[in-house]
1. Mind checking which helices in the chain clear 15 Å along their axis (Cα) and have mean Kyte-Doolittle hydropathy of -1.0 or more, DSSP H runs only?
2. So how many Å³ per residue does the convex hull of the Cα atoms of segment 14-69 work out to?
3. What is the Rg over Rh value, at two decimals, for the chain, using alpha-carbon atoms and the Kirkwood definition of Rh?
4. Quote the convex hull volume per residue of segment 125-166, based on C-alpha atoms, as a whole number of Å³.
5. Give the aspartates and glutamates whose C-alpha is closer than 15 Å to that of K86, dropping any in the same chain fewer than 8 places away, or say none.
6. With +1 on each Lys and Arg Cβ and -1 on each Asp and Glu Cβ, how big is the dipole of the chain about its Cα centre, in debye rounded to the nearest 20?
7. Can you work out the accessible area per residue across the chain, with the rest of the protein chains kept in place, probe 1.4 Å, in square angstrom?
8. Taking just the alpha carbons, could you work out the radius of gyration and Dmax for segment 83-165, both in angstroms?
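The values are calculated or read from the model by the stated rules, or taken from the named source; none is laboratory data. As the structure is a computational prediction, the values presented were derived from the model and not from experiment. Cβ coordinates were reconstructed from backbone atoms using ideal geometry, including for glycine residues, and neighbour counts include every protein chain displayed. Surface areas here come from the heavy atoms of the whole protein model, side chains and all, with no ligands, DNA or RNA. Shrake-Rupley method; radii C 1.70, N 1.55, O 1.52, S 1.80 Å.
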Amino acid sequence: DVAEFKIGDRVISNGPHAEVVNVKKNLVSKIPENVSDEAAAFTVIGAIGLQGIRLIKPKIGETVVVFGLGLVGLLSVQILRASGCKVIGIDIDESKCELAKKYGAKVINPLRENPVKAIHSLTNNFGSDSVLITASSKNNDIILQASEMVRKKGKIVLVGVVGLEI
């Protein structure tokens, strides 16, 4: 009884990864003709980062730290840069740091420098306006560092999975 879709339509879905997916129609969208299958494959993953960005509600010119430069983090960097934000990416993987640089972010590798001190240095000891955590870690280091690098009344949003024993 769904009129919006027909067999053969190219669609994206927020359903489980499977050969056959049965979801409500509001969890499916048609892929526009001018969007390739390869680009469409990033839609749901990008939506995870976008949800975190929406919770931050960044304004043009604000400084946002993206802690974790995996797929969600790198997509978030691009969305934030396109929104007019200054972005500082943090990751221990140098190749991911290099990608973030190509997308216009400043980067910090915590294996090479203290990320809290580096953020304060880059923001004239003001701190970042917000921190988007897209990383995965079992310990509390990331959440504790985020609380030390964000300015007073700044925002920390977690879309990754980190230790939360605060």
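1. Helices meeting the span and hydropathy rule in the chain are 43-56, 71-82.
2. Here the figure is 150 Å³ per residue.
3. Here Rg/Rh amounts to 1.05.
4. 61
5. Cα-Cα hits under 15 Å: E62, D129.
6. On the way: 21 positive and 17 negative charges, 143 e Å.
So the magnitude is around 680 debye.
7. Accessible surface, normalised per residue, equals 63 Å².
8. 12.2, 34
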